[in-house]
1. Out of the residues in region 71-94 meeting the condition of being more than 9 Å from ligand 1 (Cβ to nearest atom) and surrounded by fewer than 20 Cβ atoms within 10 Å (Cβ to Cβ), tell me which one is modelled with the highest pLDDT.
2. Could you please find all residues in region 8-30 being exposed (fewer than 15 other Cβ atoms within 10 Å of the Cβ), without any contact (Cβ under 8 Å) to a residue 60 or more places away in the chain and touching a strand residue (DSSP E or B) at 6+ places or on another chain (Cβ under 9 Å)?
3. Scan 170, 174 and give me the residue that is more than 17 Å from residue 73 (Cα to Cα), touching a helix residue (DSSP H, G or I) at 6+ places or on another chain (Cβ under 8 Å), in the same structural domain as residue 95 (by TED's automatic domain parsing) and crowded, with 18+ Cβ neighbours inside 10 Å.
4. Would you please list the contacts, defined by Cβ atoms under 8 Å and residues six or more apart or on different chains, that run from a residue in region 45-74 that is farther than 27 Å from residue 431 by Cβ to a residue that is part of a loop (DSSP other than H, G, I, E, B) and at pLDDT below 90?
5. I'm trying to understand the selection: among the residues of region 105-116, which are at pLDDT 90 or above and within 16 Å of ligand 1 (Cβ to nearest atom)?
6. Tally the residues that are farther than 16 Å from residue 58 by Cβ and part of a loop (DSSP other than H, G, I, E, B), restricting the search to region 1-35.
7. Condition first: in contact with a helix residue (DSSP H, G or I) (Cβ under 8 Å, 6 or more places away or on another chain), modelled with pLDDT of 90 or more, part of a helix (DSSP H, G or I) and surrounded by fewer than 15 Cβ atoms within 10 Å (Cβ to Cβ). Can you find one or more residues in region 217-229 that meet it?
Ligand code: SF4
Ligand SMILES: [Zn+2]
């Protein structure tokens, strides 16, 4: 039986008109229902298609200021992947240095993600990184890693001040790379990682997941990351998008990824929800305490912190009594006197919980280290923490976009022929028209 659980707005996938939409649940699976006068009715799975996850994501408060800006500095690429949302090499554009400067001058967030196409094919990529750093942003390079197999190139990235590399890393199997990327890339990725490790550049693995191709490989990737926790601190598990250039593939929903995490790594959805809530409440409180206005927790990301202990993948919720802490944080967060409240209520309470963790013994030192760092109010995407951040990411698509949840979408993007910025998901949706 279908039960209406919420309302939102969404696009007509044909004409992109904004439509009123119902969020309905059928046996715990969430769908969006909408009707365009011209193109008829649509019922599609929500991008957060597990009811309990949807409910958590829907209650995240909305913020106006995006934290991250993706600059598509070129449409050229040194690969020609069969799956490419950006349709690299099909469109022709390049962001001039002047336009980059103008866009950066207006941006109030913290992170600049250099993307494309493949940003490293631009000869002036080092100058762009230097400019980003000079303007006091954090610089992140989204790359397929081809050029990073060259040690000299990585050294120059480091010397330019690059903070993080977000490396396309879909598999540890060349057969998978042949399907997804059209060529054998494993050796190249390994060389790139060796160089990133040598030059101590913090690295995130960006894994595009497709149900019938590489979703079964999550555990292999986690095992690989577990051996490289000194510099690999974030793993993005992202479903393949249906925008741009894609081959036929089975739709992959967030619930598919969550189910596989249970099967392959024994992490269940309640544990993921608890950690995601913890991340969210703590983050908002810290942001308020610091007085900054940007939000790093996005409506397109479900954050889970994990540790590797031997063969076990341990979510933070097994280390701390996150559920109890969440109750306190939620109370503190919702209270207008929350600054005095934090001293009166939260610190002793959380310390008590930590103490209990100590009594319960496991992982106390690691948890305490992490907690101390969080208390300093640094980014939770901290690269020197004992935890690895596992992020389940769903980029909304024309069919399943939920504009209510998207208000909390913190990735913005340049748009062709303008110095303005728009939500990155919106750019992806309209990119087909730019052919
Ligand atoms: S997916 Fe990335 S690496 Fe592949 S062609 Fe597109 S831009 Fe290039
Ligand atoms: Zn329509």
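1. Filtering region 71-94 down to residues more than 9 Å from ligand 1 (Cβ to nearest atom) leaves 71-74, 90-94.
This time we only want the ones that are surrounded by fewer than 20 Cβ atoms within 10 Å (Cβ to Cβ), so: 90-94.
Numbers: 90: 78, 91: 74, 92: 81, 93: 84, 94: 90.
In this case the residue turns out to be 94.
2. Residues satisfying the conditions are 14, 15, 17, 20, 26, 28.
3. The conditions single out 170.
4. 61/408
5. 113, 114, 115
6. Looking only at that region, the number is 8.
7. no
For (1) surrounded by fewer than 23 Cβ atoms within 10 Å (Cβ to Cβ); (2) within 16 Å of ligand 1 (Cβ to nearest atom); (3) outside the structural domain of residue 199 (by TED's automatic domain parsing), each residue gets a yes or a no:
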{"residue": "127", "(1), (2), (3)": "yes, no, no"}
{"residue": "133", "(1), (2), (3)": "yes, no, no"}
{"residue": "146", "(1), (2), (3)": "yes, yes, no"}
{"residue": "162", "(1), (2), (3)": "no, no, no"}
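The values are calculated or read from the model by the stated rules, or taken from the named source; none is laboratory data. It should be emphasised that the depicted structure is a prediction, and the values quoted were computed from it without experimental measurement. Cβ: placed from backbone, ideal geometry, glycine included. Neighbour counts: every protein chain shown.
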